[in-house]
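Contents: one structure, followed by commentary.
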Amino acid sequence: MASSVPGDRPLPASRFDLGTYWGRVQHCAELSDPRMLLNTPSDVERARALIAGYRSGATPTMTPELWRAKQVLDSTLHPDTGLPVPLPFRMSSYVLSNLVVTVGMLTPNLGTAGTLFWQIANQSLNVAVNTANANKSHPLSTSQLVTNYLLAVSGSCGVALGLNAIVPRLKNVSASTRTVLGRLVPFAAVVSAGLVNVFLMRSEEIRKGITVFDKETDEPVGTSRTAAAYAVGETAASRVINATPIMVIPPLLLVKLQKTRWLRNNKSRLVETLVNLGLITVTSFAVLPFALAIFPQSRTLAVDKLEDEFKDKKNAKGEPVKQVWFNRGM
């Protein structure tokens, strides 16, 4: 993010009001704008130079060019490390990276092998996204990463295969209801495993805590497990909120469309796949900013909500620390 560029002058958090949900939606729409993927390394370096000029006081006010530079950095750099997030795992690539996997999981009548393949692919992508965008106070070791990945994959495959076996055996529901429930199996698997995935991949944050910063001076004031619980819990919730409409609306609409004369008369599997792809694409792009905006990425907490050790903390000015902020992660 642009805040990782050094300088004495505070940088505005956004051109939008992050204290309101709509302001965060607009801000997250900028972060997840897929056009940001077209920026080259030289574009990023130029944006760094512009923001560095503002933070050093060489540029007096934020201009449209500076706001654009901030958008480039916010959508490219990790806020903790200041390094570029690997391109496929940035929020600006989130929809595109997930598109093929989501279409695969929501393909009707997959069978056991297909279900296993797409659940493994989805959890592999989730692990990469969660790791790339997590708070970097306590990164996982390679052994922890592998163990947590295997647990997440096992969970998603177990839920998907279990529900696929149970739904056809339901005797007290109509055939159409069984069809709908069958189409929602990937949703149940993705949500349950997604929650496990986030908590596993960020378990070190919960165990050891994350760095929190004084709201007034931006200096680090300590490590908090309570803040980590907020960060990981809110991230997990936002993933569920994001996955719900994407995994529910397209399959239910496809069930309806399959009953129309147009799709009934058109027996081509390609047409059905393209319709499914279109529904998922539109839903994904529409939903992502609204899901990301549910919780602020830079989270602020009063010290009385943290551990007792923070209640007597003082900042560099000798003043009591009243509020702290931390990077929630995406």
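Taking segment 29-47 as the range and being surrounded by fewer than 16 Cβ atoms within 10 Å (Cβ to Cβ), closer than 23 Å to Ala293 by Cβ and either in contact (Cβ under 8 Å) with a residue 60 or more places away in the chain or of a type in the set (A, V, I, L, M) (or both) as the test, the residues that pass are Pro34, Leu37. Of (1) over 27 Å from Trp22 (Cα atoms); (2) in contact with a strand residue (DSSP E or B) (Cβ under 8 Å, 6 or more places away or on another chain); (3) of a type in the set (Gly, Ala, Ser), Gly318 satisfies all except one. Which? The failed condition is (2).
Per-residue answers, yes or no, for (1) out of contact with any helix residue (DSSP H, G or I) (no Cβ under 9 Å at 6 or more places or on another chain); (2) open to solvent by 40 Å² or more (accessible area, probe 1.4 Å); (3) assigned to a loop (DSSP other than H, G, I, E, B); (4) in the same structural domain as Gly162 (by the TED database):
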site: Gly19; (1), (2), (3), (4): yes, yes, yes, no
site: Gly23; (1), (2), (3), (4): yes, no, no, no
site: His27; (1), (2), (3), (4): no, no, no, no
site: Ala49; (1), (2), (3), (4): no, yes, no, no
site: Glu65; (1), (2), (3), (4): no, yes, no, no
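Counting the residues of segment 199-216 that are at pLDDT 80 or above, surrounded by 21 or more Cβ atoms within 10 Å (Cβ to Cβ) and either part of a loop (DSSP other than H, G, I, E, B) or basic (Lys, Arg) (or both) gives 1. Of the residues Val271, Val191, Val287, Val196, the single one that is open to solvent by less than 40 Å² (accessible area, probe 1.4 Å) and within 30 Å of Thr142 (Cα to Cα) is Val191. Applying the condition of being modelled with pLDDT of 80 or more and part of a loop (DSSP other than H, G, I, E, B) to segment 74-106 and asking which residue is farthest from Leu279 (Cα to Cα) yields Leu83.
Say we look at segment 4-17 and pick out the residues that are open to solvent by 70 Å² or more (accessible area, probe 1.4 Å) and touching a residue at least 24 places away in the same chain (Cβ under 8 Å); which of these is farthest from the chain's Cα centre (by Cα)? By that ranking, first place goes to Asp8.
For Leu184, are the conditions met, namely being in the same structural domain as Leu106 (by the TED database), open to solvent by 20 Å² or more (accessible area, probe 1.4 Å), at pLDDT below 75 and in contact with a helix residue (DSSP H, G or I) (Cβ under 7 Å, 6 or more places away or on another chain)? The answer is yes for Leu184. Closer than 21 Å to Ser238 by Cα and either modelled with pLDDT under 85 or assigned by the TED database to the domain that holds Arg24 (or both) - does that describe any residue in segment 307-321? Looking through segment 307-321, none of the residues is closer than 21 Å to Ser238 by Cα and either modelled with pLDDT under 85 or assigned by the TED database to the domain that holds Arg24 (or both).
Evaluated against (1) open to solvent by less than 50 Å² (accessible area, probe 1.4 Å); (2) touching a helix residue (DSSP H, G or I) at 6+ places or on another chain (Cβ under 8 Å); (3) over 20 Å from Ala293 (Cβ atoms), Arg55 falls short on exactly one condition, (2). Against the numbered list (1) within 30 Å of Lys256 (Cα to Cα); (2) in contact (Cβ under 8 Å) with a residue 12 or more places away in the chain, Asn109 comes up short only at (2).
Take segment 217-245 and flag every residue that is part of a helix (DSSP H, G or I) and either among the acidic types (Asp, Glu) or open to solvent by less than 20 Å² (accessible area, probe 1.4 Å) (or both). Selection gives Ala227, Ala228, Ala231, Val232, Glu234, Thr235, Ala236, Ser238, Asn242, Ala243. For segment 296-330, a residue qualifies if it is within 20 Å of Asp74 (Cβ to Cβ), open to solvent by 50 Å² or more (accessible area, probe 1.4 Å) and either without any contact (Cβ under 8 Å) to a residue 24 or more places away in the chain or hydrophobic (A, V, I, L, M, F, W, C) (or both), and exactly one does: Trp325.
The values are calculated or read from the model by the stated rules, or taken from the named source; none is laboratory data. Because the structure is a prediction, the values reported are computed rather than measured. Heads up, the Cβs are rebuilt from the backbone with ideal geometry, glycines too, and the neighbour counts pull from every protein chain shown. Quick note on the areas: whole protein, heavy atoms, side chains included, nothing else; ligands and nucleic acids left out. Shrake-Rupley method; radii C 1.70, N 1.55, O 1.52, S 1.80 Å.
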